[in-house]
Every structure is written in C-alpha cells, then in structure tokens.
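Step one of this worksheet: look at the structure below.
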Amino acid sequence: MSTFKTRFTETFGIQHPIMQGGMQWAAKAELVAAVANAGALGTLSALTQPTPEDLAREIQRCRDLTDRPFAVNLTLLPTLKPVPYSEYCAAIIEGGVGIVETAGSNPQEHIDVLRAHGVRVIHKCTSVRHALKAQTLGVDAVSIDGFECAGHPGEDDVPGLVLIPAAAQRLSVPLIASGGFADARGLVAALALGADAISMGTRFLCTREAPVHDHVKATLVANDERSTDLILRSLRNTARVARNVISQEVRAMEARGAKFEELAHLVSGQRGRQVYATGDADFGVWSAGLVQGLIDDIPTCQALVQRIVDQARLLITQRLQGLLVE
Ligand code: NAD
C-alpha cells in the first residue's frame, strides 16, 4: 500500500503520518493497539490509569496486542487529585515505551528524565511561543493543537488554518497538526500547511475498537460542528467538551461568577468516565471537538486509516493535479 514519507514517519518509524491523541478514559490498550496495527501511532493516556502500577500493566497489555511502536500521553494540567508524575514517568521508562507525548504546561523536568532514557518526546501545545519553547527544551517533535480541538485548546483561540503554518514557519523539528482532523481532506490540508502528520482524537473515539459505550459513538455521529461547549474559560483552563446538560449548567454557573470549588463536582473526570462506561451522554462532561461535524460512521481503525491514506492520494493526484492549468 502506498503512503506518505514525512519527517514524522521517518523520525518515529510509523507507516502512516497519522497519530491518535491520548484521550482521557478512552485511550486504552485495545484502541491504541488497533491504531498501531493499522500503521498509525497509537497513544495510551497515562492518567486514565489510576496508579503508575496500573499504567505499567496497561503498557504490557498493549504490548500483548501489538508488536508495533506506540506512545504514552502525559498531560500536565490542574487536577482534582495530585498526580505522582515522576512515578508515571518511571512506569513509562521501565515499560520500554519509546515515545511520550507531553501536553499541558512546561514539560522540562519530565523531558530531561525521559530523554536521558532514550525516550523520544512529542510536546503538544496550543501556541507558537510554547512550541518554540518546547523545541529549545529538546523535544523531538511538536504537536500543535488548533482551537478546533477537543479537550484543552488554550486561551489564544487560534484555529489550525493559521496556527499550523505559523508554527511550521518557525520550527525546525517535525510538526504534527492536531485539532479538527478526521479525514483525507484534513491530512492533505495539514501537509500543505507545513505539518508532517495529523493527530486525531474525536475521530478515533468513534471507531469500533474505542472502549466507550455505543451510545457515545452514536452521539458523535448525530452531533454536528456546533455541538461543543467551552467550559472553565473563567479559570483560564478552557476545555472543549460535547455540549450537554452539564456543560450548559457549568457555563451558566461560570457566567454567574462561580468558583472552581462550586464547579468541581460537575466537571470531574470521574463523571466523564461514567459517560463512556454507561452511554449516558448527559451524566458528566466529556471531550469532543468541532470535528464531530465531519464524523458520520463508526469504522474499524484499520478501515479509517486506510481510507484516509487512500483518499489523500486520490485527492492529490486527481482533484488537485486536475485543477492545474499550464
Ligand atoms: P479532574 O477530574 O482532576 O478535573 C476535571 C477538570 O477540571 C479538568 O479539565 C481539570 O483540568 C480541571 N481542573 C482540576 N482542578 C482544577 C483547578 N484547580 N482549576 C481549574 N481547573 C481545574 O481531571 P480528569 O478529567 O480526570 O483529567 C485528568 C487530566 O487529563 C487533566 O489534566 C485533564 O485536564 C486532562 N484531560 C485531557 C483530556 C484529553 O482529551 N486530552 C480530556 C479530559 C481531561
């Protein structure tokens, strides 16, 4: 099968220029291994595992399901309970994982430890200045996350159409474009904007292998590009989530000046975990991007990756080439 050779595929030894984002509560071994077996870069979510020992077991479980490389995402953002980050890093290193995606705040202390053990680091961030900072810290690649993304888009609100080329023209390390990607059109656009790969979260959440309730997947298919809310904006910890009863309540409380302590029980990740487990899409907040408007099926990871690569090739060789005139 033909594919694309980019600095991402070369640097990380991955067949296709496609990565799966490390989604809280969903990026578990069965999804990550399916993505890896489809020739893309799968990413386990470290904090989905309640303890570093659980992460070590999940890494082993993933290894039992694939012999391809995969990554672990380590998100560095405020949490309700303190996270023993060094112990999670130790589990990653001892588990022999070769690629880590850091995200959130400055990853310096973790980068130094991980790189000293030969782990390659991708830092995901939402602004060019943070991308440049990560590059000076020695990361192997940057994932730049546009305002379209699910989860935490930062506070600058710059969508990918501007953010990706703005990052590409300043960075020298490989660049992964995230936020708003779901199909071949996005891949071709990202490559044209200067990226070396795309990273997709919400799209991979809506695959057969994603370990979330079928009703969540049906909700993603039914939703459109207007079906998200930005919450926690008043605390400068903005999160883009699927719009539902709880996200609307949180927004109303924020508009009235509510403090985080009043919101915590509503935005707690544990409630979002229940959404994925039970399929009750209104039980808590759960991350989803604008890209819901581009999702209308529930394929296997293999079928999804294959079709993106095949259609990207056709898009370039037929549609785009066909538009050229001498
Ligand atoms: P959690 O239950 O500890 O917190 C729920 C939400 O409240 C999170 O968005 C968190 O950042 C925010 N928060 C916690 N304490 C806060 C404070 N003092 N001030 C402002 N905001 C605060 O988190 P969780 O849902 O178990 O998630 C664990 C980690 O993964 C967090 O860092 C979270 O931000 C991140 N996350 C990532 C994704 C993703 O798709 N990448 C999705 C959900 C959460």
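What follows draws every value from the coordinates through simple rules; no lab data is involved. All of these numbers come straight from a predicted model, not from anything done at the bench. Every residue, glycine among them, receives a Cβ derived from its backbone with ideal geometry; neighbour counts consider all protein chains shown.
Say each of Leu320 and His215 gets a label point 7 Å from the Cα, pointing the same way as Cα to Cβ; how far apart are those two points in nm?
4.2 nm
Apply the Karplus curve 6.51 cos²θ - 1.76 cosθ + 1.60, θ = phi - 60°, to the phi angles in the range 68-76 and return the couplings in whole Hz, x for Gly and Pro.
With the stated coefficients, the range 68-76 comes to 8, x, 9, 10, 10, 8, 10, 8, 10 Hz.
Computed on alpha carbon atoms, what radius of gyration and Dmax characterise the range 250-305, expressed in Å?
15.3, 46
Pop out the Kirkwood hydrodynamic radius of the range 142-204 from its pairwise C-alpha distances, inverse of mean 1/r, in Å to one decimal. Mind dumping the intermediate values first?
On the way: mean 1/r = 0.0882 Å⁻¹.
For the range 142-204, the Kirkwood estimate is 11.3 Å.
Under 5 Å between amide H atoms, partner at least 5 residues away or on a different chain: which partners does Met19 have, H built in plane at 1.01 Å?
So Met19 has HN proximity to Leu41, Ile198, Ser199, Met200.
By how many nm would the segment from Thr136 to Met253 grow when fully extended, if each residue of separation counts as 0.36 nm and the alpha-carbon distance is taken off?
Using 0.36 nm per residue and subtracting the Cα-Cα distance, I get 38.1 nm.
Grab the beta carbon distance between Asp112 and Asp224, set R0 = 45 Å, and tell me the FRET efficiency rounded to 0.05.
The calculated FRET efficiency here is 0.55.
For the range 182-247, compute the orientation-averaged projected area of the C-alpha convex hull (one quarter of its surface), in nm².
6.3 nm²
Got a sec? Charge dipole of the chain, +1 on Cβ for Lys and Arg, -1 for Asp and Glu; which of Pro17, Gln321, Ala131 is way out at the positive end?
Gln321
Show the residues, 5+ positions off or on another chain, whose built amide H is closer than 5 Å to the amide H of Phe70.
Long-range HN contacts for Phe70: Gly98.
Take the alpha carbon atoms of the range 119-139, find their center, do the same for the range 161-194, and report the distance between the two centers in whole angstrom.
15 Å
Treat the count of other C-beta atoms within 10 Å as a stand-in for reagent exposure and order Cys149, Cys206 from fewest to most.
Sorted ascending by nearby Cβ count, the order is Cys206, Cys149.
Counting Lys +1, Arg +1, Asp -1, Glu -1, what net charge surrounds Gly98 among other residues with beta carbon under 14 Å of its beta carbon?
Overall, the nearby charge balance is 0.
Using only helices, what value at 222 nm comes out for the chain when you add -39,500 (n - 2.57) per DSSP H run of length 4 or more and divide by the total residues, to the nearest 500 deg cm²/dmol? Intermediate results must be reported in sequence, preceding the final value.
Values: 14 runs with 132 residues, N = 326.
Calculated from helices alone, the mean residue ellipticity at 222 nm is -11500 deg cm²/dmol.
When the chain is fully extended, how far beyond the present Cα-Cα distance does Glu94 get from Asp282, taking 0.36 nm per residue of separation? Can you show the working numbers first?
Details: separation 188, 0.36 × 188 = 67.68 nm, distance 3.86 nm.
Length gained, Glu94 through Asp282: 63.8 nm.
Once amide H atoms are built 1.01 Å from N in the peptide plane, which residues 5 or more positions from Val158, or in another chain, come under 5 Å H to H?
Phe147
Quick one: 3J(HN,Hα) in Hz for the range 285-290, Karplus 6.51/-1.76/1.60 with θ = phi - 60°, rounded, Gly and Pro as x.
8, 9, 6, 7, x, 4
Which FRET efficiency, nearest 0.05, do Gln169 and Arg129 yield, Cβ-Cβ r, R0 22 Å?
Step by step, r from the Cβ atoms, then E = 0.95.
Starting from the Kirkwood Rh over alpha-carbon pairs, what translational D in µm² s⁻¹ does the range 25-103 have by Stokes-Einstein at 25 °C and 0.890 mPa s?
199 µm²/s
By count of other Cβ within 10 Å, fewest leading, how are Glu30, Glu58 ordered?
Fewest to most other Cβ atoms nearby, the residues stand as Glu30, Glu58.
For the range 155-291, state the semi-axes of the equivalent ellipsoid (square roots of 5 times the eigenvalues of the alpha-carbon gyration tensor), sorted largest first and rounded to whole angstrom.
Numbers: eigenvalues 164, 82, 26 Å².
Equivalent ellipsoid of the range 155-291: 29, 20, 11 Å, largest first.
For each of Ile231, Ile18, Ile298, count neighbouring Cβ atoms within 10 Å of the residue's Cβ, then give the residues from fewest to most.
Working: Ile231 25, Ile18 31, Ile298 17.
Least crowded to most crowded, the residues run Ile298, Ile231, Ile18.
Could you tally the net charge around Cys149, taking each other residue with its Cβ under 11 Å from the Cβ of Cys149, Lys/Arg +1 and Asp/Glu -1?
My count for the surroundings of Cys149 gives 0.
How large is ³J(HN,Hα) for each residue in the range 265-280, as worked out from phi by the Karplus curve 6.51 cos²θ - 1.76 cosθ + 1.60 (θ = phi - 60°), to whole Hz, x for Gly and Pro?
Taking θ as phi minus 60°, the curve returns 5, 7, 8, 3, x, 4, 5, x, 4, 5, 4, 5, 6, 9, x, 7 Hz for the range 265-280.
Counting just the Cα atoms, what span does the chain cover along each of its three principal axes? Round to the nearest Å and put the largest first.
Principal extents (Cα only, largest first): 62, 43, 38 Å.
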